[in-house]
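Scroll down for the structure; my scribbles are underneath it.
The values are calculated or read from the model by the stated rules, or taken from the named source; none is laboratory data. From a predicted model like this one, the values you see are computed outputs, not experimental measurements. A quick note on method: Cβ atoms are made from the backbone with ideal geometry, for glycine too, and the neighbour counts reach across all protein chains shown. Ligands, DNA and RNA are excluded from the accessible area calculation, which covers all protein heavy atoms including side chains. Shrake-Rupley method; radii C 1.70, N 1.55, O 1.52, S 1.80 Å.
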Amino acid sequence: MTPTLGIVVVAAGSGARLGDAEPKAFVALRGMPILERALRGVFDSVEPAQVVVVAPESHLKAARTIADRVAGPASSSVAVVAGGRTRQASVAAGLAALLPAVDTVLVHDAARALTPPALFDRVARAVRSTAGGVIPALPVTDTIKRVGVGAVVLDTVDRSDLVHVQTPQGFPRAALEAAYASATEEHTDDAALFAANGGSVTVVEGEARAFKITTPWDLRRAENVLGAQTAGLRVGTGVDVHGYDEAAPLWLGGLYWSGEPGLAGHSDGDAVLHAICDALLSAAGLGDLGSRFGTSDPRFTGAASAVFVRETLALVDGAGFAVVNVAVQLVATRPKIASRRSELEAHLSSLVGAPVTIGATTTDGLGFTGRGEGVAAIATALLTASV
Ligand code: CTP
Ligand code: MG
């Protein structure tokens with residue numbers, strides 16, 4: 001059966017504000033072109049649809065390859081056409097490629113690459129039930145001001161009935177085509193063009209993830225959204241134990257603790273930093289502190305252990321990971337860390353470049369820590385693939 005829904009995905013812009021050499025739709029977003037991400041959302045929606053991709057003249061072949069990859073066996077039903085100088089001209093080119101059976105059209109920006117599939121279905125359903133235009137919208141959360149010449153604030157706009165709108169924007173095909181045929185000026189979106197021709201438009205709830213990638217900051221945001229949900233997360237664990245050495249100064253968590261027994265070891269014996277290094281190496285699959293730096297390397301005799309952390313972070317970064325956070329538990333009767341916990345966490349966080357939290361426990365008098373022979377530190381690190 002031929003679909004009665006058509007989805008026009010406009011991807012013919014240059015992306016001037018993004019500032020990449022490639023047109024925006026072909027810029028990689030975590031290793032996959034923005035257009036490919038956008039089409040995945042389109043193809044994951046439930047209702048079967050004829051998809052029309054509108055690409056820059058220079059990138060028709062590249063767009064075809066991407067469309068084929070996403071559509072798989074359905075690739076023959078995907079049209080790829082060249083866009084125009086303005087978004088409006090590009091939409092018009094896309095509409096011209098719709099099959100006769102299509103009675104409902106969604107127009108979507110490829111730049112809204114992370115739009116959830118459900119939004120396509122929500123808008124299409126609402127177009128059918130209202131027989132009018134439908135656009136996804138979210139409430140305006142910032143206070144809005146009107147500003148005049150000389151950067152002078154004139155007044156505060158009542159935002160209670162303001163929304164900001166997204167795509168896909170949906171319309172009955174015939175009415176949208178009629179509106180495009182009679183459009184004499186540029187409109188900021190399809191709904192404005194549709195309304196200018198007498199069409200009525202209602203809103204459905206939008207999606208935060210349907211935000212438009214416009215600037216490099218938006219691209220980072222999209223990367224972060226993907227990073228948080230992908231399988232690129234890796235957890236690692238590290239344990240370190242050192243016995244007390246009454247003659248040594250105590251360095252723990254990179255801080256000096258006056259009046260406390262120090263820790264024995266080849267370096268400064270900082271069990272907290274060593275456990276953190278082991279957790280980071282473990283998460284990245286890079287072995288452990290001993291195998292990486294050697295317990296007898298003369299370079300590290302008496303070394304301040306921050307050097308291990310910096311070396312470890314360089315290895316982790318080189319393996320393509322970024323630290324999400326680190327959690328540490330100190331098992332010891334001394335020192336008591338409670339009064340310096342925030343100082344300790346701030347210091348460790350700046351050392352690691354990600355949030356580090358630390359807690360402590362005693363062992364109820366049991367074992368070597370309970371007998372006051374030494375300390376143990378246990379660390380857990382979470383990493384995310386940085387590329
Ligand atoms: N678009 C298009 N044809 C154009 C201009 C824009 O198909 N002549 C598409 C873009 O590819 C994008 C969507 O319309 O998916 C929204 O436009 P925008 O975010 O402004 O993208 P660009 O125009 O490419 O970016 P810029 O304005 O920064 O140059
Ligand atoms: Mg533009």
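Karplus-based coupling profile of the range 272-289, in residue order and whole Hz: 5, 5, 5, 5, 4, 4, 4, 5, 5, 5, 5, 5, 7, x, 10, x, 9, 4, with θ = phi - 60° in 6.51 cos²θ - 1.76 cosθ + 1.60 and x standing for Gly or Pro.
Express in whole angstrom the spacing between the alpha-carbon centres of the range 326-387 and the range 102-181. The range 326-387 and the range 102-181 have Cα centres spaced 50 Å from each other. Give the shape of the range 1-100 as rounded, prolate or oblate, defined through the alpha-carbon gyration tensor: a ≥ b ≥ c are the square roots of its eigenvalues, a/c under 1.5 means rounded, and otherwise the shape is prolate if a/b is larger than b/c and oblate if not. Oblate is the answer for the range 1-100, as a/c is 1.5 or above yet b/c matches or exceeds a/b. Reachable lysines from Lys24, Cα under 20 Å, same-chain residues fewer than 8 places away excluded? Within reach: Lys61, Lys212. Note on Ser75/Ala28: beta-carbon distance plugged into 1/(1 + (r/R0)^6) with R0 of 25 Å gives a FRET efficiency of 0.70. Per-residue Karplus couplings for the range 209-220, computed as 6.51 cos²θ - 1.76 cosθ + 1.60 with θ equal to phi - 60°, are listed in order as 6, 8, 4, 8, 7, 10, 10, x, 4, 4, 5, 4 Hz, Gly and Pro entered as x.
Our estimate of slack between Glu207 and Ser349, defined as 0.36 nm per intervening residue step minus the Cα-Cα distance, is 47.8 nm. Is the range 232-385 rounded, prolate or oblate when judged by the Cα gyration tensor, a ≥ b ≥ c being the square roots of its eigenvalues, rounded requiring a/c under 1.5 and prolate requiring a/b larger than b/c? In terms of gyration-tensor shape, prolate. Amide H to amide H, with H built 1.01 Å from N, Ile337 comes under 5 Å of no residue 5 or more places away or on another chain.
Looking at the chain, the accessible area is 47 square angstrom per residue; that uses a 1.4 Å probe and ignores ligands, DNA and RNA.
Taken one residue at a time, the phi angles of the range 237-249 give Karplus couplings (6.51, -1.76, 1.60, θ = phi - 60°) of 10, x, 10, 9, 10, 9, x, 5, 10, 4, 7, 9, x Hz. Gly and Pro are set to x. Taking all Cα pairs closer than 8 Å and separated by 6 or more residues, the relative contact order of the range 5-228 comes to 24 percent.
Beyond 27 Å, what percent of the Cα pairs of the chain remain?
Working: 45561 of 74691 pairs.
Counting pairs separated by more than 27 Å, the tail of P(r) holds 61 percent.
For the range 277-303 versus the range 1-79, the inter-centroid distance based on Cα atoms is 47 Å. Per-atom-type breakdown for the range 13-74 gives carbon and sulfur 54% of the accessible area (1.4 Å probe, protein chains only).
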